[in-house]
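The structure under discussion appears below in the form of structure tokens.
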Amino acid sequence: MCLIRDIVKNLPADGQYEAVKARLMQPHELTAFQRVEKIIDMPGLGSRKLSQLLAAMLELCPEGETRSTFFSCIFLKKLPRELKILVSETDTGDLQALAAKEDALHTHAQPEGNVMAVAESKDGSTVAAVDSRHLSHRQ
């Protein structure tokens, strides 16, 4: 009640719920620095799909930074070494498209569970598919 006492005493004519909600949420919001710190400390790909890792990182990413070179670099550092090599030949300007391509390949390979990712060259031709049986999961 201490957090919202002043708001309750002087409720605005419009947006009462929003004013109370914003005040209650304020202590739990992360600063931009805290968000970046959480992204950096986030574990690598592991058994997740590429899109799941990207979604978790985007959820924390400070506003306006989702397309920055810095964010792309941190994202790529979370990938296994073998996948980074393949992705280095790919246009990483659109990480969502890259993750979607990997997810599509992952879905098609689900029965065997062997193919982990695909990388495409900038002209759109497939460069390689990664077989997860040949990957080490060290970061």
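The values are calculated or read from the model by the stated rules, or taken from the named source; none is laboratory data. Remember, it's a predicted structure, so these values are computed and weren't measured experimentally. We place every Cβ from the backbone using ideal geometry, glycine too, and count neighbours over all the protein chains shown.
For the stretch 1-51, which residues satisfy the criterion of being at pLDDT 90 or above, charged (D, E, K, R) and surrounded by 10 or more Cβ atoms within 10 Å (Cβ to Cβ)?
Arg35, Glu37, Lys38
Quick check on my filter: what residues within the stretch 9-50 are closer than 16 Å to Ile74 by Cβ, of a type outside the set (Gly, Ala, Ser) and in a helix (DSSP H, G or I)?
Answer for the stretch 9-50, where residues must be closer than 16 Å to Ile74 by Cβ, of a type outside the set (Gly, Ala, Ser) and in a helix (DSSP H, G or I): Phe33, Gln34, Arg35, Val36, Glu37, Lys38, Ile39, Ile40, Asp41, Leu50.
Every residue in the stretch 45-69 that is over 19 Å from Ala97 (Cβ atoms), of a type outside the set (A, V, I, L, M, F, W, C) and under 11 Å from the mean Cα position of the chain (by Cα), please. Give the derivation first.
The first filter runs over the stretch 45-69 and keeps only residues over 19 Å from Ala97 (Cβ atoms), leaving 46-47, 60, 62-64.
Within this subset, residues satisfying the condition of being of a type outside the set (A, V, I, L, M, F, W, C) are 46-47, 62-64.
Once the filter is applied, which keeps residues that are over 19 Å from Ala97 (Cβ atoms), of a type outside the set (A, V, I, L, M, F, W, C) and under 11 Å from the mean Cα position of the chain (by Cα), the stretch 45-69 yields nothing.
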